[in-house]
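Peer 1: Got a structure for you, questions after.
The values are calculated or read from the model by the stated rules, or taken from the named source; none is laboratory data. Quick caveat: nothing in here was measured; it's all calculated off a predicted structure. Counting neighbours? That spans all protein chains shown, and the Cβs are built from the backbone with ideal geometry, glycine included.
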């Protein structure tokens, strides 16, 4: 490689990112050109941020590492989306991640913006060993109650896997109807990479479904509120009454049903 002094700043940038070694960084830091020194500063900050992110991801794998050491190599994280809304299904996902993956920004879906969830959704689908989606419809929620319907959706997500997992990591719940060893983790989407990945799969799947259902029932603006009891949704509920997507066992919907 030719000396830095014979390169313009664009060439130095290309060389630096091809060889971000301490020797190269040191040379750039000592270069008399401010632009070259700024390149070194920017790369160092990038490396530091990457190190912090790598540490955070490793912390999300503490439970997985314990189970991998015990011989449970295929771990399915399970989480749900949509327990609280007044309308639409509750959706669950089961996700088996490989021991090595590249999912920068992986986190509980509630901590992410929509654009970050969408990006990670595609990356998880590509990198996961396997994943399954399950749901329970509003009528099932009304018959079973939301807790039991959530467990049913989770069970269906496990049944949707083509690879049988060795162990389940579940956000807060235990699935007694699933004959697999399992660990309920309260706040699991903050503690487990597998559960965090499942939370993103479930959230994005449900949000997309509610956007599609908006075209059938546009008066409730499901594309915006995703079935949650926002002010505009409550106004529509009072004006039009419940639609077939509403959970009639939920108090705000039940109240409007009794009024109508």
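Peer 1: Could you list, in sequence order, all residues of the range 240-258 that are more than 22 Å from residue 135 (Cβ to Cβ), in a helix (DSSP H, G or I) and touching a residue at least 12 places away in the same chain (Cβ under 8 Å)?
Peer 2: 240, 256, 257
Peer 1: Looking at the range 181-190, which of the residues that are more than 24 Å from residue 122 (Cβ to Cβ) and touching a residue at least 60 places away in the same chain (Cβ under 8 Å) is surrounded by the fewest Cβ atoms within 10 Å (Cβ to Cβ)?
Peer 2: Among residues in the range 181-190 that are more than 24 Å from residue 122 (Cβ to Cβ) and touching a residue at least 60 places away in the same chain (Cβ under 8 Å), the one surrounded by the fewest Cβ atoms within 10 Å (Cβ to Cβ) is 181.
Peer 1: Return a yes/no flag: does the range 148-161 have any residue that is surrounded by fewer than 16 Cβ atoms within 10 Å (Cβ to Cβ) and in a helix (DSSP H, G or I).
Peer 2: yes
Peer 1: Further question: Take the conditions more than 20 Å from residue 188 (Cα to Cα) and modelled with pLDDT of 95 or more and apply them to residue 114. Does it pass?
Peer 2: The answer is yes for residue 114.
Peer 1: Follow-up. Applying the selection to the range 75-106, what residues are closer than 26 Å to residue 224 by Cβ, crowded, with 17+ Cβ neighbours inside 10 Å and out of contact with any helix residue (DSSP H, G or I) (no Cβ under 6 Å at 6 or more places or on another chain)?
Peer 2: So in the range 75-106, the residues closer than 26 Å to residue 224 by Cβ come out as 79-93, 105.
Those still in the list that are crowded, with 17+ Cβ neighbours inside 10 Å too: 79-82, 85-93.
The answer is 85, 87, 89.
Peer 1: Restricting attention to the range 9-28, which residues are in a helix (DSSP H, G or I) and either under 15 Å from residue 46 (Cβ atoms) or touching a strand residue (DSSP E or B) at 6+ places or on another chain (Cβ under 9 Å) (or both)?
Peer 2: 13, 16, 17, 18, 22, 24, 25, 28
Peer 1: Restricting attention to the range 48-68, and to residues there that are without any contact (Cβ under 8 Å) to a residue 40 or more places away in the chain and closer than 18 Å to residue 180 by Cα, which single residue is surrounded by the most Cβ atoms within 10 Å (Cβ to Cβ)?
Peer 2: 68
Peer 1: Continuing with the same structure: Look at residue 118 and say whether it is in contact (Cβ under 8 Å) with a residue 12 or more places away in the chain, surrounded by fewer than 18 Cβ atoms within 10 Å (Cβ to Cβ) and either part of a helix (DSSP H, G or I) or assigned by TED's automatic domain parsing to the domain that holds residue 204 (or both). Break it down stepwise before answering.
Peer 2: On the way: in contact (Cβ under 8 Å) with a residue 12 or more places away in the chain: yes; surrounded by fewer than 18 Cβ atoms within 10 Å (Cβ to Cβ): yes; either part of a helix (DSSP H, G or I) or assigned by TED's automatic domain parsing to the domain that holds residue 204 (or both): yes.
Taking the combined requirement at face value, the residue satisfies it.
Peer 1: Another question, if that's okay. Give the residue that is surrounded by the fewest Cβ atoms within 10 Å (Cβ to Cβ), with candidates limited to residues of the range 212-232 that are in contact with a helix residue (DSSP H, G or I) (Cβ under 6 Å, 6 or more places away or on another chain) and over 21 Å from residue 140 (Cβ atoms).
Peer 2: Only one residue fits best here, namely 219.
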